[in-house]
Amino acid sequence: MPSDMKNKPIEILKAGGIGVMPTDTIYGLVGSALSEKTVERIYKVRKRIPEKPLIILIGLTRDLNLFKIKLDKYSKEILNRIWPGKISVILPCQSEKFSYLHRGTKTLAFRLPADVRLRNLLRKTGPLVAPSANPEGLRPAKNIEEAKKYFGKKIDFYITGKRADELPSTLIQIKNRNIVILRQGKVKIKIKK
């Protein structure tokens, strides 16, 4: 990316724009998680099922406070063991303020990526929703060319990167001091109680 373009995606995301970029797993269609308008635009562009929540990428564990997430001691211990990493965790979110994110489920899924460059970007942009870069029902884009075929000029920027992983993040939920694996992804979970 030319040096004059280096900060452009950050500015676009902070202004409510959306784009495709590599995450720590597969290419994602990203936008500010704190902007309801941006989130709804992603649902529309991606033709996502309205009831299906999105995964949120955070740059720091304390970003959970922005969503009024309250962690018990056990959940904190689990997050400290698995993050940063390619594991997304579903946590309770009772706040109606974030109903545009939790879609009535009263839960939100978060991931603190291990990729340092991505975490640095997230610290500048704030939390980003990051569903896979594909319209609902189609396979995730493996590169920018595929993403451009899917979305064309409906989004504001594309950032190319290393070839995306074949697998998404592993998705877990912490329930009654147990780990429930909802989607086996890149990381195999082995957590001792």
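Structure above, values below:
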| quantity | calculated |
| --- | --- |
| Chain lengthening between Lys124 and Ser99 when straightened (0.36 nm per residue, less Cα-Cα) | 6.6 nm |
| Positive-end residue of Ser35, Met21, Ser99, charge dipole of the chain with Cβ unit charges | Ser99 |
| Prolate/oblate/rounded call for the range 94-150, Cα gyration tensor, a/c under 1.5 rounded | oblate |
| Farthest positive-ward along the chain dipole, Cα basis, beta-carbon charges - from Ile159, Asn65, Pro50 | Asn65 |
| Gyration tensor (alpha-carbon) shape descriptor, the range 78-181, a/c threshold 1.5 | prolate |
| Bridge type composition, the range 59-193 - antiparallel percent by DSSP, nearest 5 | 70 percent |
| Zone of Phe157's modelled label, taken as backbone nitrogen in the range 102-126 under 13 Å from a point 7 Å along Cα→Cβ | 121-122, 124-126 |
| Rel. contact order, % - alpha carbon contacts under 8 angstrom, at least six apart, the chain | 31 percent |
| The range 1-110: C-alpha gyration tensor shape, a/c 1.5 cut-off, then a/b vs b/c | oblate |
| Amide N proximity, the range 84-120 versus Lys76 label position 7 Å along Cα-to-Cβ, cut-off under 15 Å | none |
| Label of the coordinate-derived value, volume of the Cα convex hull per residue in Å³, listed as [x] 226; [y] 112; [z] 141 | [y] |
| In range of the label at Gln173: residues from the range 117-151 whose backbone nitrogen is under 20 Å from the point 7 Å along Cα→Cβ | 130-132 |
| Over 31 Å (Cα to Cα) - which of Lys8/Lys97; Lys73/Lys106; Lys153/Lys188; Lys37/Lys148; Lys47/Lys76 fall in this group | Lys153/Lys188; Lys47/Lys76 |
| Charge dipole (debye, nearest 20) of the chain; +1 at Cβ of Lys and Arg, -1 at Cβ of Asp and Glu | 480 debye |
| Spatially proximal aspartates and glutamates relative to Lys149 (Cα-Cα < 16 Å; intrachain offsets below 8 disregarded) | Glu136 |
| Farthest toward positive dipole pole in the chain [+1 Lys/Arg, -1 Asp/Glu at C-beta], among Gly126, Gln184, Ile144 | Gln184 |
| Selection of GluC sites (Glu not before Pro), the range 105-193, meeting DSSP coil and at most 16 other Cβ within 10 Å | Glu136, Glu166 |
| Arg139-Val116 FRET efficiency (beta carbon distance; Förster radius 25 Å; 0.05 resolution) | 0.30 |
| Loop GluC sites (Glu not before Pro), the range 28-130 (other Cβ atoms within 10 Å of the site Cβ: 12 or fewer; DSSP) | Glu51 |
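Every read-out reported here was derived from the displayed coordinates using simple, explicitly stated rules and does not represent laboratory data. Fair warning: this is a prediction, and the values are worked out from it, not measured in the lab. Please note: Cβ atoms are built from the backbone with ideal geometry, for glycine as well, and neighbour counts cover all protein chains shown.
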